[in-house]
Amino acid sequence: MRSKRARPSVDTAVVDVWQREIGKLSTRNFAHRLAASEDLVLRLDIYKKLEKHRGCVNTVSFNYDGNILVSGSDDKRIILWDWETGHVKLAFQSGHVNNVFQAKIMPYSDDRSLVTCAADGQVRHAKILERGVETKLLAKHQGRAHKLAIEPGSPHIFYTCGEDGLVQHIDLRTAAASELFTCHSIDDSRTYMPVIHLNAIAIDPRNPNLFAVAGSDEYTRLYDIRKYKWDGSTDFGQPTDCFCPPHLIGDDQVGITGLAFSDQSELLVSYNDEFIYLFTRDMGLGSNPVPSSPLSACSEATEMGLDHSAMSASAMDADKKAIPQVYKGHRNCETVKGVGFFGPKSEYVVSGSDCGRIFIWKKKGGELIRVMEADKDVVNCIESHPHTTVLASSGIENDIKIWTPKAIDKATLPTNIEQFKPKPRGWMYRVTTPQDLMLHLFSLQRRGSSPEQNAENSSVAGRELLELMLTFNANSDASSDEEEDASGPDNFFI
């Protein structure tokens, strides 16, 4: 018999109000309990659509106060929104010559200092002045620069990573970029992967000295900036710790697209063509983990129960407590998707999906509680408001959707979640570089080697491969034409 869900909505709410009134529950804790309520999550609905971009919106981010949302797009523009009214406060050309991948407002800068990175590999600084916007090139990556991470509470310091494997530390006070290290493969036998193409970087909010990077292999690497010698007298490339689910160690067909730290220093990792995992610090593999063959050829078969008969000796010795929490149901194989936490104390995990939906899980236990239609193609970005129960999402469509708990009725999960499939050829929007091509070739190979593969599926995979090659050629030509046509001033008001 199915167990009844606890009733937190009415009874608990009444008790919380009573405890607040008699002084047993502080106003702050009352607000936190309310904001973390599952009832509010189940009532999330589209509050407003922000429509001014003329291309895919690749990044959305709130300022520290939460009253401004900044976005960047394939149209190379940066827009600052008053998201509550839907009005544009400011729009300007970023100075990039290719798709903007990330834009963030520096804290404690009066919302006048922004940093951006893009597909052109550039890292730029935008200063909002009284008579316009001034943009400046700070650093450059060879290949695309997907993400940057701001040191918590600092109006000056941030880090960037790129597909060249390089991690850079930038201080706006001197406009100087320090090249910290280039990330290399842990497995020396992977000669075809001289550097790790980095897709994600995140800083631990409880200890800003620690930051994590991840990309085209199975490991998330944790570094301590205190070990870096600014005179360049030491090799900083050795991580402090590494993280990977036991069954993915040695799997050269997976990579990582998104990272996030919770306020409790938990590390959330989103794998392409796989699942999302939550690590605590005691789950680390050490600074130099020993590569081994993967424990399972098909991760879905393991269902995270992990077949102990197939485990390596080292994995069999691992404590069961070291197995990370897993979050399933979404699909992440077509684009570089982020992942994040939601709630005042990171009570929930949120991710986009190739099927155009937003997925929300309870952090503790991994229960899927919401699936929301958010894009006709793919949802790539989900950003949580810093202080209240609000989400911003974006994807292949040109708009940004703001989600608030305004629905009258609580949502229920669809009955056919396992049957959700990504929209056909959604990845074709993104296949413009050799790195994209390799990502999708690995994805096709992974599906081709699955136990369920049959002759019909092999034929389908063959057609997909042909379409992939043709689309890569077409998109590469279009991208080249676009870069040649790009001209004009670095910035202006729209």
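The values are calculated or read from the model by the stated rules, or taken from the named source; none is laboratory data. Here the structure is a predicted model, which means the values were calculated and not measured. In this analysis, Cβ positions are derived from the backbone assuming ideal geometry, glycine residues included, and neighbour counts consider all displayed protein chains. Accessible surface is based on the protein model in full, side chains and every heavy atom, while ligands, DNA and RNA are left aside. Shrake-Rupley method; radii C 1.70, N 1.55, O 1.52, S 1.80 Å.
Within the range 370-403, if we keep just the residues that are in contact with a helix residue (DSSP H, G or I) (Cβ under 9 Å, 6 or more places away or on another chain) and closer than 14 Å to Ile360 by Cβ, the residue that is surrounded by the most Cβ atoms within 10 Å (Cβ to Cβ) turns out to be Arg370. Sub-8 Å Cβ pairs linking a first residue in the range 63-82 that is surrounded by fewer than 20 Cβ atoms within 10 Å (Cβ to Cβ) to a second residue that is of a type in the set (Ser, Thr, Tyr), at least 6 apart or interchain, are Tyr64/Tyr108; Gly66/Thr388, ordered by first then second residue.
So Arg131 clears everything in (1) under 18 Å from Lys76 (Cβ atoms); (2) over 23 Å from the mean Cα position of the chain (by Cα) except one condition, right? Which one? Among (1) under 18 Å from Lys76 (Cβ atoms); (2) over 23 Å from the mean Cα position of the chain (by Cα), Arg131 violates only (1). Note on the range 328-354: among residues that are out of contact with any Ser or Thr (no Cβ under 6 Å at 6 or more places or on another chain), of a type in the set (Ser, Thr, Tyr) and not in a strand (DSSP E or B), the one that is farthest from Thr59 (Cα to Cα) is Ser353.
Screening Gly329 with (1) small (Gly, Ala, Ser); (2) surrounded by fewer than 21 Cβ atoms within 10 Å (Cβ to Cβ); (3) closer than 16 Å to Asp39 by Cα gives one miss only, at (3).
Scan the range 170-187 for residues that are open to solvent by 20 Å² or more (accessible area, probe 1.4 Å) and in contact (Cβ under 8 Å) with a residue 40 or more places away in the chain and jot them down. Once the filter is applied, which keeps residues that are open to solvent by 20 Å² or more (accessible area, probe 1.4 Å) and in contact (Cβ under 8 Å) with a residue 40 or more places away in the chain, the range 170-187 yields Leu172, Ala175, Ala177, Ser178, Thr182, His184, Ile186, Asp187. Restricting attention to the range 244-273, report how many residues are closer than 18 Å to Gly338 by Cα and surrounded by 16 or more Cβ atoms within 10 Å (Cβ to Cβ). Selection size over the range 244-273: 18. Just one of the numbered conditions (1) crowded, with 22+ Cβ neighbours inside 10 Å; (2) modelled with pLDDT under 95 is not true of Gly132: (1). Only residues that are farther than 28 Å from Thr280 by Cβ and touching a residue at least 24 places away in the same chain (Cβ under 8 Å) were counted in the range 194-220, giving 1.
Screening the candidates Asn99, Asn58 for the property of being touching a strand residue (DSSP E or B) at 6+ places or on another chain (Cβ under 9 Å), surrounded by 19 or more Cβ atoms within 10 Å (Cβ to Cβ) and under 26 Å from Asp263 (Cα atoms) yields one hit, Asn58.
Identify all residues within the range 150-162 that are outside any loop (DSSP other than H, G, I, E, B) and either open to solvent by less than 10 Å² (accessible area, probe 1.4 Å) or in contact with an Asp or Glu (Cβ under 9 Å, 6 or more places away or on another chain) (or both); write none if there are none. Once the filter is applied, which keeps residues that are outside any loop (DSSP other than H, G, I, E, B) and either open to solvent by less than 10 Å² (accessible area, probe 1.4 Å) or in contact with an Asp or Glu (Cβ under 9 Å, 6 or more places away or on another chain) (or both), the range 150-162 yields Ile157, Phe158, Tyr159, Thr160, Cys161. The residues on offer are Leu40, Leu137, and the sole one that is assigned to a helix (DSSP H, G or I) and either of a type in the set (A, V, I, L, M) or surrounded by 18 or more Cβ atoms within 10 Å (Cβ to Cβ) (or both) is Leu40. Scanning the range 207-216 turns up no residue that is open to solvent by less than 20 Å² (accessible area, probe 1.4 Å) and at pLDDT below 95.
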